[in-house]
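The values are calculated or read from the model by the stated rules, or taken from the named source; none is laboratory data. Given the structure is predicted, the values throughout are model-derived calculations rather than measurements. When we count neighbours, we look across all protein chains shown, and the Cβ atoms used for this are built from the backbone with ideal geometry, even at glycine.
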Amino acid sequence: MITDPSQVAPAQDSWAGLTTTVRTCTACPELVASRTSVVAGVLPAGASAVDVLLVGEAPGAQEDLAGVPFVGRSGQLLDSLLAEAGLQRERVGIANVLKCRPPANRKPRRAEVSRCRPWLEQQLGLAAPRVVVALGVTAAEWFFGSGARIAALRQTVHDWSDRSLVVTYHPSAAIRFGPRGAPLAALREDLRMVARLAAAAPGTIGG
Ligand code: URA
Ligand code: SF4
């Protein structure tokens, strides 16, 4: 068991450098054995920082094959909701709590989340987003600890290391509950709030 985070995730000085290095991570043996790729996360082409960083749970089957986050069904819904809110996918960065797909899309284990934690911590520093969006319970727990509940945390702009943090449902919950379900309406509403926060001048957001 590795306990020193610098052994799992040596400090990187750029997002690109981190992307290269995380591909060599072998800290979770079960995930290493079944993964096709390590899905580091993406910034818009040419960008070294972003206004908004979305944080999901872990790659699914499509993402594992493509090596890119949110390209499957959840990603397609996310793309259309981002566009609807006026937040083009090209303008936001995307990362996940885990960089490797759990077999059969099971929930990330606590030990996996804590091993992978220093990678996302570094990404949050490197991408320097003004607004961070936690998509779903796994991401919400990453920020708030176990037992975090979306319904209780959404619709508030939280402060996290001097960044604005918004919590909302995962697109897969919106898909699961259907087009008339509450999670889709909430996700749509929350991404509009994110767009407003991202458009506000630096220093005027928060609260
Ligand atoms: N779900 C996630 O949480 N992340 C992805 O990248 C894809 C689906
Ligand atoms: Fe490393 Fe994270 Fe993949 Fe585990 S999930 S092997 S910590 S990159």
- May I ask you to list pairs of residues, at least six apart or on different chains, whose Cβ atoms are under 6 Å apart, with the first in segment 11-33 being touching a residue at least 24 places away in the same chain (Cβ under 8 Å) and the second being assigned to a loop (DSSP other than H, G, I, E, B) and among the small types (Gly, Ala, Ser)? 22/40
- Message: Quick check on segment 138-156. Is at least one of its residues assigned to a loop (DSSP other than H, G, I, E, B) and hydroxyl-bearing (Ser, Thr, Tyr)?
- Response: yes
- Scanning segment 119-145 for residues that are of a type in the set (Gly, Ala, Ser) and out of contact with any helix residue (DSSP H, G or I) (no Cβ under 8 Å at 6 or more places or on another chain), the one farthest from residue 28 (Cα to Cα) turns out to be 128
- What pairs come up if the first residue lies in segment 154-179 and is over 17 Å from residue 72 (Cα atoms), the second is more than 12 Å from ligand 1 (Cβ to nearest atom) and among the acidic types (Asp, Glu), and their beta carbons are under 6 Å apart, counting only those six or more places apart or on different chains? 154/190; 168/190
- Message: Looking at segment 49-59, can you tell me whether even one residue there is away from ligand 2 (no atom under 12 Å from the Cβ) and either of a type in the set (Ser, Thr, Tyr) or without any contact (Cβ under 8 Å) to a residue 24 or more places away in the chain (or both)?
- Response: no
- Item | Residue under evaluation residue 89, criteria (1) of a type outside the set (A, V, I, L, M); (2) away from ligand 1 (no atom under 15 Å from the Cβ); (3) modelled with pLDDT under 95, criterion not met | (2)
- Task: Return yes when residue 105 is under 19 Å from residue 37 (Cα atoms), modelled with pLDDT under 95 and not hydrophobic (A, V, I, L, M, F, W, C) and no when it is not.
- Result: yes
- Query: Only one of 117, 154, 110, 149 is closer than 17 Å to residue 188 by Cα and of a type in the set (Lys, Arg); which?
  - Reply: 154
- Task: Identify, by number, the condition in (1) without any contact (Cβ under 8 Å) to a residue 24 or more places away in the chain; (2) on the phi < 0 side of the Ramachandran plot that residue 145 doesn't meet.
- Result: (2)
- Query: Can you name every residue in segment 102-127 that is within 14 Å of the chain's Cα centre (by Cα) and not in a helix (DSSP H, G or I)?
  - Reply: 108
- Message: Can you tell me which of (1) within 14 Å of ligand 1 (Cβ to nearest atom); (2) of a type in the set (A, V, I, L, M); (3) more than 14 Å from residue 125 (Cα to Cα) is the one residue 55 doesn't meet?
- Response: (3)
- Filtered residues of segment 158-177 (kept if over 28 Å from residue 62 (Cβ atoms) and touching a helix residue (DSSP H, G or I) at 6+ places or on another chain (Cβ under 7 Å)): 160, 164
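Just to confirm my filter: which helices (runs of 4 or more DSSP H) fall fully inside segment 12-75 and include at least 2 residues that are buried (at least 17 other Cβ atoms within 10 Å of the Cβ)?
Helices (runs of 4 or more DSSP H) meeting the threshold: 15-22, 61-66.
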- Task: Restricting attention to segment 36-59, report how many residues are in contact with a helix residue (DSSP H, G or I) (Cβ under 7 Å, 6 or more places away or on another chain) and hydrophobic (A, V, I, L, M, F, W, C).
- Result: 9
- Message: Looking at 98, 124, 135 in this structure, which one is crowded, with 23+ Cβ neighbours inside 10 Å and away from ligand 2 (no atom under 14 Å from the Cβ)?
- Response: 135
- Query: Which of (1) closer than 21 Å to residue 126 by Cα; (2) surrounded by fewer than 13 Cβ atoms within 10 Å (Cβ to Cβ); (3) in contact (Cβ under 8 Å) with a residue 12 or more places away in the chain does residue 84 not meet, given it meets every other one?
  - Reply: (1)
